[in-house]
Amino acid sequence: MGPKAKKTGNKKKKINKAERLKQIQEEEEKRLKDEEEARLKYEKEELERLEMERIEREKWCQLEEKDLQRRNEELEELYLLEGCFPEAEKLKRETRLLAQWKHYIECDGTPDPTVAQEINTFISLWKEETNETFEAVIKKSKLVLNQASTLADLDTGNMEKIIRDENITLYLWANLKKNPRYKSIRFSETQVGFEIPRILAASDIALRVLHTHYDHVSPLRHIPKPTEEEPTTLETEILKEELEDVETAISTEDQKESKPEESGSKLIHEEEIKVEQQSNIEVQMNFADEESEAVKGELEMKLFSETVSAAHLLQIENAPEMPLAFEDNEVDICQFTTLGGIYHLDILELPPQCKPAKGWMIVEILKEGLQKYTYPPETTEDLEAENAFPPVEVTLRVHDNVMFFEDPMVVRWNAEDQHWTTDGISNISYEQKERLITFSLETFGPVTLIQDTHINMPYRSWELRPLDVNQVLLTVTTVFTEIQIHIKENVCMLSSIKLQDIKEDFPILEGKWMTSFCFINALKEAGLNIFPTGHSHFYVSANNKIPLVEVKAYRQMALLSSAFAFGWSKWNLECTSSKVVFKVKEHLAEEWPENPNWDLLLFTGDRAQMLKINEESEAFSEALKEETEFHSTLYHMVKDFASKEAMEKIRSSDCQSLACVCQMLLSTRLLSYS
């Protein structure tokens with residue numbers, strides 16, 4: 001056998017002490033070197049960061065200084081542009097009375113006291129007119145019931161009659177046969193009717209449903225006349241004082257001219273004075289008068305402009321506390337709205353009917369007119385009174401011109417306490433497709449349907465974009481619907497309504513042009529309420545902004561609405577109440593792009609700036625967009641990147657159109673309720 005092969009392996013070579021120390025030393029040197037490099041790198045980066053911050057601060061300070069230098073000039077130009085609002089207000093002063101009245105009756109604060117008397121007169125005339133119409137229909141129902149036997153149905157032997165008017169529908173049924181088995185009553189061609197208990201089916205009664213398509217039952221409170229002068233702003237007081245000074249100066253000059261001339265002044269009128277000198281004096285006096293009148297007119301316009309601005313601010317101010325304390329079952333008139341009019345439900349005693357006798361028709365005429373049938377009786381000795389006088393089941397049809405997004409609530413009028421209440425009503429069911437609502441009613445009287453006033457608030461998003469000259473489209477998207485409002489010159493129109501991506505036809509409003517006040521009122525009456533009041537913040541989780549910031553934003557957005565589109569931004573929720581954020585884009589083309597390239601604007605009321613972030617950014621930042629500056633107004637901010645055509649379009653916009661857009665923005669309060 002040969003010699004054994006040597007074993008080979010990965011046997012480590014032993015390191016002596018010197019080599020080990022050397023290795024440790026090298027590692028320590030490398031570590032120190034790495035630490036030094038890291039320190040130097042950090043110091044370098046920190047210096048660069050500090051330098052960048054210094055540059056940014058210097059740049060920021062320069063931009064702020066530049067903004068301050070041109071602030072007065074920009075604000076003066078903005079004041080001239082905003083002159084369109086008082087100018088438009090002067091053209092529509094006739095609608096001010098109605099607007100103040102609406103503002104008051106909706107628990108939205110106290111109206112302008114200077115028109116309190118006119119509003120009270122208007123309310124009185126309106127109530128008088130509606131009462132006259134109501135009484136006329138009551139008389140008509142009496143005439144029909146007096147001759148019920150001659151109008152009896154051949155099949156049932158009872159009488160039913162439907163009388164329709166533009167604003168009123170009257171349903172009448174007379175129980176002529178008194179058949180206790182005939183308890184189900186349905187008016188022909190409708191599902192409106194009653195399920196009456198046996199005791200009523202066997203009684204001499206008549207049933208009446210008087211549906212007024214408007215609400216004349218809810219109380220309209222009387223407006224107190226002002227006893228003290230309304231508080232005014234310091235600027236308004238100064239303007240008033242200046243105006244009084246000018247008027248005093250003009251009056252003094254007039255008095256001097258009218259004083260009899262003294263003996264010494266006779267020298268002026270001597271014959272040696274030339275005619276040319278007299279004409280020069282007259283020209284100078286006329287020029288002074290014209291100048292004084294011009295100053296007076298300018299101060300009056302400035303005072304009126306200040307009044308309009310204060311009115312805009314008052315429109316969006318939040319009430320500090322709830323308006324009223326409500327009892328149990330009482331309806332909160334600020335939280336709920338009556339829709340579809342009032343249904344006056346009555347059980348009447350059937351009047352005496354005509355009876356033939358020897359070729360004559362004999363009828364007993366009652367002087368007191370129709371009498372109400374008391375049900376249930378006020379006193380009864382029946383131990384089973386609850387079973388003997390059960391509630392009456394009523395079926396009503398919801399008005400076609402009203403939209404309910406949830407099942408409507410039924411309430412009745414408490415005549416004693418003068419408020420709407422929910423007690424005495426039970427077993428409510430609603431068939432949405434047939435628009436029929438059924439409920440059990442213990443006590444007859446006026447009933448109505450109500451819906452949450454703020455059901456469409458807060459909004460999910462909004463968009464305002466120009467369509468044509470003096471035409472814009474406002475889109476408000478809520479949880480239930482998307483509402484598009486077409487604003488053209490000084491009128492508005494409902495362009496479309498979409499429910500869950502399905503377009504709904506609403507012929508009562510679509511295609512009809514109305515003034516902003518009438519349009520807002522019509523939308524509310526139709527159940528499409530997107531107009532917060534001063535008390536809405538108690539019922540809606542709103543993103544409340546400082547009112548002055550909101551007003552300035554809406555007014556300046558309206559000024560730019562002819563050439564620029566604006567839209568909702570999610571970052572508006574992230575900033576404080578003193579700032580608003582929204583999207584902006586120049587738009588002059590006829591077609592709207594599918595994915596528009598928006599810019600983000602931050603506005604504080606005194607400063608506007610472009611933001612570096614966009615809607616897809618991960619976090620909110622107030623960093624300034626590259627190559628942009630600060631400005632005191634939105635107008636001058638967009639002017640930096642706007643086209644020549646856009647600015648020309650803005651300057652040539654009609655004042656009434658801009659005022660109408662501004663009014664719609666103030667009424668919807670998009671920046672606080674989105």
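The values are calculated or read from the model by the stated rules, or taken from the named source; none is laboratory data. From a predicted model like this one, the values you see are computed outputs, not experimental measurements. Don't worry about glycine lacking a Cβ; one is built from the backbone with ideal geometry, like all the others, and counts go over all protein chains shown. With ligands, DNA and RNA removed, areas are computed over all heavy atoms of the protein, side chains included. Shrake-Rupley method; radii C 1.70, N 1.55, O 1.52, S 1.80 Å.
A few remarks follow.
- Residue selection: Glu53 fails the criterion of being open to solvent by less than 60 Å² (accessible area, probe 1.4 Å), under 30 Å from Thr633 (Cβ atoms), part of a helix (DSSP H, G or I) and modelled with pLDDT under 80.
- The condition of being at pLDDT 90 or above and surrounded by fewer than 18 Cβ atoms within 10 Å (Cβ to Cβ) holds for only one of Glu622, Glu627, Glu615, Glu594, that being Glu615.
- Test: residue in region 106-118 that is among the aliphatic types (A, V, I, L, M), modelled with pLDDT of 75 or more, open to solvent by less than 30 Å² (accessible area, probe 1.4 Å) and assigned to a helix (DSSP H, G or I): no
- Glu482 under 30 Å from Ala589 (Cβ atoms), touching a Ser or Thr at 6+ places or on another chain (Cβ under 9 Å) and either aliphatic (A, V, I, L, M) or open to solvent by 30 Å² or more (accessible area, probe 1.4 Å) (or both): yes
- Qualifying residue in region 449-471 (condition: more than 30 Å from Leu348 (Cβ to Cβ), part of a strand (DSSP E or B), touching a Lys or Arg at 6+ places or on another chain (Cβ under 9 Å) and open to solvent by less than 10 Å² (accessible area, probe 1.4 Å)): yes
- Search result, residues across region 533-564 that are open to solvent by less than 30 Å² (accessible area, probe 1.4 Å) and either without any contact (Cβ under 8 Å) to a residue 60 or more places away in the chain or touching a Gly at 6+ places or on another chain (Cβ under 8 Å) (or both): Gly534, Val549, Ala553
- The numbered conditions (1) farther than 19 Å from Asp599 by Cα; (2) open to solvent by 40 Å² or more (accessible area, probe 1.4 Å); (3) modelled with pLDDT of 90 or more; (4) not in a strand (DSSP E or B) are all true for Phe519 except (2).
- Test: residue in region 315-327 that is part of a helix (DSSP H, G or I) and crowded, with 17+ Cβ neighbours inside 10 Å: yes
- Number of positions in region 619-667 that are touching a Ser or Thr at 6+ places or on another chain (Cβ under 9 Å) and of a type in the set (Ser, Thr, Tyr): 4
- Verdict on Leu528 being assigned to a loop (DSSP other than H, G, I, E, B), at pLDDT 90 or above, over 17 Å from Thr633 (Cβ atoms) and not small (Gly, Ala, Ser): yes
The rows are residues; the columns are (1) within 27 Å of Cys61 (Cβ to Cβ); (2) open to solvent by 40 Å² or more (accessible area, probe 1.4 Å).
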site: Ser577; (1), (2): yes, yes
site: Val584; (1), (2): yes, no
site: His587; (1), (2): no, no
site: Lys644; (1), (2): no, yes
site: Met647; (1), (2): no, no
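- Residue check, Asn401 over 27 Å from Tyr214 (Cβ atoms), of a type outside the set (Val, Ile, Thr), modelled with pLDDT of 80 or more and surrounded by 14 or more Cβ atoms within 10 Å (Cβ to Cβ): no
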